[in-house]
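See below for the structure under consideration.
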Amino acid sequence: MMKRKLLALGLAMTTALSLCGSVAFAEEETEAGSEAGTESAELVITDDIQEIIDRGVLRVGVKNAVVGFGYEDTLTGEYSGMEIDIANLIAEKLGVETEFTTVTAATRTELLDSGDIDCVIATFTITDERKESWDFSTPYYTDYVTVLVEDSSEITSLEDLVDKTVGVSSGSTSARSLVEAMIEAELISGDDYDSETFDPALWTDGVSFQQYDDYPTISTALSAGEVDAFCVDKSILAIYKTDGRSYIDAEFAPQEYGVATTKDSGFSAYVDTLINEWLEDGTIDGFIEEYALG
Ligand code: GLU
């Protein structure tokens, strides 16, 4: 589902105002740079970026149910969260509008590869394996993986997950993270574990997995008892932690979120320069504080 947003809103606007000098400078630079080749060494306008500028729209893949990161108000269609604000700031630098497409862990890379979107800002964890296929910016946030259970299950720890079935999203790092944490805690042997060939669908040593295309379906499966537990990043689980559900007492596998772009594109370098600028000048910290993500 596509939504268009004309300008940065709320906090993004506040932040943009505080960055007013550099935003104005960047816009002048963009125009001058594209016409006269005078762009700075750091923010080079390559052909792929010029295409976005000419189109007048930056198309961004975001989450729609991760509060504080990418959340869509179903009544108004408005998206909010730090990932939305980051997208709006990048678009402002380019002098274009933002168009959001809701993505899932299962769809985000296809949409980037097909050219339907220019970047993914969607709780997308940077991994060495993924870096072979896409570029990632410097991380803007680090989350951890945990596990959500029904209180009635009496599961409270990693140990209690031995021989249980866990719901995870296709295309996520979750199953791998849980298996590695259970091996580390010496709850399962790990003799058969090979990080290169690991496949959640085939893993049955001490824990097994059901894979789903989206998180609401895993939440329903948890209620129905189809799975014993729901494993993913804590930021993503938050919306599903309703009364009668709890996290187990373990957080593991740091998840560094980066903006993903097409491998070796000019836009990758452009975005990374901006993220670094916003890490240094406190913009990112401001989002973390504003959305109480610390
Ligand atoms: N952040 C994790 C990943 O990139 C969890 C999946 C998700 O982002 O939906 O695999």
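How much length, in nm to one decimal, is gained on full extension between GLU186 and VAL44, taken as 0.36 nm per residue of separation minus their Cα-Cα distance?
My answer for the length gained is 46.2 nm.
Explain nothing, just the number: relative contact order of the stretch 93-229, from Cα pairs under 8 Å at least 6 residues apart, as a whole percent.
30 percent
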**OP:** Give me the number: length gained by fully extending ASP73 to THR220, i.e. 0.36 nm times residue separation minus the C-alpha to C-alpha distance, one decimal in nm.
**Re:** 50.8 nm
Original post:
For TYR247, what accessible area in Å² do you get when you roll a 1.4 Å probe over the heavy atoms of the protein chains, rounding to the nearest 10?
Top reply: 60 Å²
Subject >> Pairwise label distance in nanometres, ASP54 with ASP249, each label 7 Å out on the Cα-Cβ vector >> reply: 6.1 nm
Original post:
Distance from the Cα centre of the stretch 85-152 to that of the stretch 239-273, in angstrom?
Top reply: 7 Å
Subject >> Heavy atoms of ARG55 accessible to a 1.4 Å probe, total area in Å² rounded to 10 >> reply: 80 Å²
Subject >> Cβ-derived FRET efficiency at R0 25 Å, SER153 paired with ALA238, nearest 0.05 >> reply: 0.85
**OP:** Provide the per residue accessible area, probe 1.4 Å, for the chain, rounded to a whole number of square angstrom.
**Re:** 45 Å²
Original post:
For the chain, what number of Lys pairs, 8 or more residues apart or on separate chains, have alpha-carbon atoms under 29 Å from each other?
Top reply: 23
**OP:** Report, to the nearest whole %, how much of the accessible area of the chain belongs to carbon and sulfur atoms, 1.4 Å probe, protein only.
**Re:** 47 percent
**OP:** At 0.36 nm per residue, minus the direct Cα-Cα distance, what do ASP194 and ASP213 gain on full extension? Give it in nm, one decimal, please.
**Re:** 4.4 nm
**OP:** Would you kindly derive the ³J(HN,Hα) couplings of the stretch 81-92 from the backbone phi angles with the Karplus curve 6.51 cos²θ - 1.76 cosθ + 1.60 (θ = phi - 60°), listing them in order in whole Hz, with x for Gly and Pro?
**Re:** x, 5, 6, 5, 5, 4, 4, 5, 5, 4, 4, 4
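The values are calculated or read from the model by the stated rules, or taken from the named source; none is laboratory data. Here the structure is a predicted model, which means the values were calculated and not measured. Neighbour counts are summed over all protein chains in view; Cβ atoms, including those assigned to glycine, are modelled from backbone coordinates with ideal geometry. Just so you know, the surface numbers come from the protein's heavy atoms only, side chains and all, with ligands and any DNA or RNA stripped out. Shrake-Rupley method; radii C 1.70, N 1.55, O 1.52, S 1.80 Å.
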